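Novice: Please see the structure below; I have some questions.
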Amino acid sequence: FLNNETISKIINLTRVGSYKTFLIQCPDFLYEIKLMIKVVRELLSEDGTILLIMREIKEAQRLFNLLRSFNNQIVLLHSGMKHSELLFSIKEIVANKAKIIVGTRFAVFAPVKKLSLIMVGQESSWLYKAEESPRYHARDCAVMRGFIEGCPVVLTDFMPSTVSYYNALRSKYELIDDFNQSK
């Protein structure tokens, strides 16, 4: 079962439209996906675009397929797409027709007019680090983009990275422990 208090915190802050980073320790990957879907469903009627970042193309594709079943204002962004598909997705984003963007680390740079929420699944994954030039970490870029855009950022993981956990201990992030919620 999902923690309704966690969902309420995310939704309320998104509706207010202010920046804060949540670090949510989840019991498993399925919980992360359910949390993303529930939050997206609750926020579909709100203004702005929701950005969901996954660590792998296949995970992004699965989440995209799940969300597409109840909303057609969704686009996929990842480096493995054909040029024509990528161009279509970017045109939809620029035209402000995409309500939901699902992608890999590449998606953190999507040309969104008004971001309302950024969610990063399995935030501790090394796959978020771009080793080629320019080097960046998608998790850190998501947090900075949320700060710049003035929207909440939700980092989820079974076992959060030491960097994120340290930031939570220093009160840069709000740590939410949903680890024992799914029983």
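The values are calculated or read from the model by the stated rules, or taken from the named source; none is laboratory data. Keep in mind that this is a model prediction, so the values were computed, not measured. Every residue, glycine among them, receives a Cβ derived from its backbone with ideal geometry; neighbour counts consider all protein chains shown. The accessibility values were calculated without ligands, DNA or RNA, using every heavy atom of the protein model including side chains. Shrake-Rupley method; radii C 1.70, N 1.55, O 1.52, S 1.80 Å.
Novice: Calculate the length of the line joining the C-alpha centroid of the stretch 111-183 to that of the stretch 2-33, in whole Å.
Specialist: Result: 12 Å between the Cα centres.
Novice: At 1.4 Å probe radius, can you tell me the per residue accessible area of the stretch 1-86 in Å²? Don't jump to the answer; show the numbers that get you there.
Specialist: Working: 4310 Å² over 86 residues.
Accessible surface, normalised per residue, equals 50 Å².
Novice: Could you provide, to the nearest whole Å², the per residue accessible area of the stretch 101-177 with probe 1.4 Å?
Specialist: Here the per-residue accessible area is 49 Å².
Novice: Given a 1.4 Å probe and every protein chain left where it sits, what share in percent of the accessible area of the chain is carbon and sulfur?
Specialist: Whole-percent figure for carbon plus sulfur exposure: 54.
Novice: If amide hydrogens are placed 1.01 Å from N in the peptide plane, which non-local residues have theirs closer than 5 Å to the one on L77?
Specialist: Long-range HN contacts for L77: V102, G103, T104.
Novice: Moving to a separate point now. Between K113 and E85, what FRET efficiency comes out of the Förster formula 1/(1 + (r/R0)^6) with R0 = 30 Å and r the beta carbon distance, rounded to 0.05?
Specialist: On the way: r = 21 Å, r/R0 = 0.70.
Once the sixth-power term is evaluated, E becomes 0.90.
Novice: Right, here's the next one. Accessible surface of S161 in the full protein assembly, 1.4 angstrom probe, to the nearest 10 Å²?
Specialist: 20 Å²
Novice: Now, a different point. Using a simple spin-label model with points 7 Å from Cα along the Cα→Cβ vector, what separation in nm is obtained for K129 and N96?
Specialist: That separation, rounded to one decimal, is 3.9 nm.
Novice: In the structure shown, do any of K9/K97; K38/K172; K38/K99; K129/K172; K20/K114; K58/K82 have a Cα-Cα gap over 18 Å, and if so which?
Specialist: Exceeds cut-off: K9/K97; K38/K172; K129/K172.
Novice: Out of these labelled values of mean projected area of the Cα convex hull in nm², (i) 14.1; (ii) 15.9; (iii) 9.9, which was calculated from the coordinates shown here?
Specialist: It is the one labelled (iii).
Novice: Okay, moving on. Label points 7 Å out from Cα along the Cβ direction at Y166 and L30: separation in nm?
Specialist: Once both label points are built, they end up 3.4 nm from each other.
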